[in-house]
Structure formats: structure tokens, C-alpha cells
Amino acid sequence: MYNSVDELQAALNEQDYIAERGLSVAIYLALKTGKPLFLEGDAGVGKTEIAKVLSAALATDLIRLQCYEGLDVNTAVYEWNYAGQILHLRVMEGALGRVDTDRRHSPDTEGLAREAMEDELFSERFLLKRPLLQAIEQSRDGRAPVLLIDELDRSDEEFEAYLLELLSDFQVSIPELGTIAATAPPAVVVTSNRTREIHDALKRRCLYYWIDYPHFHKELQIVERKAPDVPPMLARQVTAFIQDMRSMELFKRPGIAETLDWTAALIALDQNELSLETVQDTLGVILKYQDDVEMLDPTTIQNMIDRANVEAQRA
């Protein structure tokens, strides 16, 4: 555990994650208080990456629950291995049948055998542990992981309601086995792209932070850190071009992930500077909707390149 915000921020920086002071404070307080960290922001701004670098910085496991419509307890917490139980039941019934034909065994022996069989059917041997239960069990072993509940806004409200108890008490009730509680809470990161509003009751259980698109100099740092082979002029041009593109009325503005993907594509094409032809050829790396692509006609692209060159010369 880190003793100061500066120490945590330095650790994140060592993992190639450039976090502003406010985000570092939010992460530090979440670790100190044991509260989940709730991150909102547009897709591609680096919310999921925080959980990944945090697990690396803490030298602990990352357990990820990817949310989607229809997600339920069986997928997120636990379910029984019904196929294994049926197979085990048939094997045990065969064994009991042999006991029935053996007069050396008393009815008491048969009864005990049946009870043992029933107890074994609902033991941990046949319990399939899903991400939420895995996180709680690892916390009981003294090696609390980082639990990432990713894109919660994609799940149904019923599942969101189930999380209320879990994020409050960090325990799971299994009728056949009892209650399994974490000794120390895992470090929980909950993300949302805000495709729908998350209920206030869940937000109250978390520390909240909004992650916005980075400013020019921060994004340039990210590009240079994540793509060390990029020519300096190209790195500045790419960053300025993407920053300019985000000011347009696009259906989906490019995130940091698209910036890095585009940089990697330009490096693969042995480009040192942006050109009209190269941008036109690689627009599909940045933009994912045809309506957005059609907004960037050759004249618009050339004007954006000219502005990017001016900004690159200043940087």
C-alpha cells in the first residue's frame, strides 16, 4: 500500500499511466478507505486501463467482470456444475446399488452413505466460481485482488441492484454453503460509459471521478510513452490532429485508444509526417462510423493537417 498520493502517482507513472493529480487522489482514497472507485467518461479515455495498471502497481491479480445486457448472478458470482453433479450422482447411485445387494451392510450404513452423497453434491468441488466470488475468496486468502466491474451501464438495473449488497459488505450468500465474506475488501474499480444513468444508491457506495479526454500535452506524453519509436514531428501532428477532430460534431469521437492505434498504423506505414493521402487511407483506424468518415472530405482533412502542423511547431 502507498503512503502518499505522490508515491501512488509515481507508481502509476512507472506503469506508463499518466494520471493527473485529481485522479491520483481518488485512487489513493479508494485504496485507503476500502471504497470502490466509480469512473465515468466517454469510451476510450482510459478507464479500464486504470484497473490494469493498478493491479500491476500493487503486484496483485486483476479480476475482470465484463458487463452486458442480461448479465445475472450465475455468470457474475457462482453457479453449480450441474453436469458434474449428475455424473457424480449416477456413480454414487451405482455404488449404493451394490451396497443394497450386499447383506453385510446394514440400513444405517446405507443411510449414512446417502447423506454423504447429498452433502458432496453441494460442496465446493462442484461450485463454479465467477469473478465476484473469485475476488472475495482471494481477499480471504490475504492477497486482495483488483476487481474491475467494467461498463456497468451495459448491464440491467436488476444486476446493478444486486451489486449494492456486495459493494457494501463484500460478501456472497450461497444457500447450500452459507455466507462467504472477504477478510479485507478487494480494490474495486467500476466503470461506466454513461449510456444510461447508474442509480444514486450505487454511486453513494463509491468514490466518484469523471475522466475526460486529455489535453494536448498529456496526450502527447501518452503517445510518446506508449509508442517510443514514433518520430517526434509525427507524434505532435497526430496528437494535434486528434485534438482538432474531437471538436467536430462526430457520432463517436476518437479516444486515446484510437490515437495509439493510429500512431501504430502510421509507424507501420513508415510515415514521418501526416499527408492528405495517408490520412484518407487510415481514417478507418480512427473513426468507426461511415457518417463520421464522410464528414472529413479532402479539403477538411487538409485544413486539419495545416492546423496540426502549426500546433506541432509550437509544441
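Of Phe216, Phe122, the residue with the largest accessible area leads and the full order is Phe122, Phe216 (1.4 Å probe). Figure legend: label point modelled 7 angstrom from the Cα of Tyr208 along Cα→Cβ; residues of region 172-197 with amide N under 19 Å from it are 188-197.
Among the aspartates and glutamates, which fall within straight-line cross-link reach of Lys47, defined as a Cα-Cα distance under 18 Å, with same-chain neighbours fewer than 8 residues apart omitted? Once the sequence-local aspartates and glutamates are set aside, what remains near Lys47 is Glu14, Asp16, Glu20, Asp61, Asp150, Glu151, Asp153, Glu197, Asp212, Glu219, Glu258, Asp261. May I ask you to give the percent of accessible area on the chain that is carbon plus sulfur, with a probe radius of 1.4 Å? Reported share for carbon and sulfur atoms: 49 percent.
Skip the ligands, DNA and RNA, and give the accessible area per residue of the chain with a 1.4 Å probe, whole Å². Numbers along the way, then the final one.
Numbers: 16150 Å² over 315 residues.
Using a 1.4 Å probe on heavy atoms only, each residue of the chain averages 51 Å².
Projecting label points 7 angstrom from Cα along Cα→Cβ for Leu269 and Asp119 puts them 6.9 nm apart. What FRET efficiency do you get for Asp297 and Arg246 if R0 is 25 Å and r is their Cβ-Cβ distance, rounded to the nearest 0.05? Efficiency for this residue pair is about 0.85.
Placing R0 at 45 angstrom, the Cβ-Cβ distance between Gln313 and Glu158 gives a FRET efficiency of 0.25 after rounding to 0.05. For the chain, adding -39500 (n - 2.57) for each run of n ≥ 4 DSSP H residues and dividing by the number of residues yields -16500 deg cm²/dmol at 222 nm. Taking 28 Å as the cut-off for C-alpha to C-alpha distance, list the pairs among Lys52/Lys129; Lys129/Lys288; Lys129/Lys226; Lys203/Lys288; Lys226/Lys288; Lys203/Lys226 that go past it. Long pairs (Cα-Cα over 28 Å): Lys129/Lys288; Lys129/Lys226; Lys203/Lys288; Lys203/Lys226.
For the chain, a Gaussian network of Cα nodes joined below 10 Å ranks Tyr208, Tyr289, Tyr78 by mean-square fluctuation, and the top entry is Tyr289.
The values are calculated or read from the model by the stated rules, or taken from the named source; none is laboratory data. Only a predicted model underlies this, so the values are computations on that prediction, with no experimental measurement involved. Here the Cβ is made from the backbone with ideal geometry for all residues, glycine too, and neighbour counts use every protein chain on show. SASA here: full protein model, heavy atoms, side chains in, ligands and nucleic acids out. Shrake-Rupley method; radii C 1.70, N 1.55, O 1.52, S 1.80 Å.
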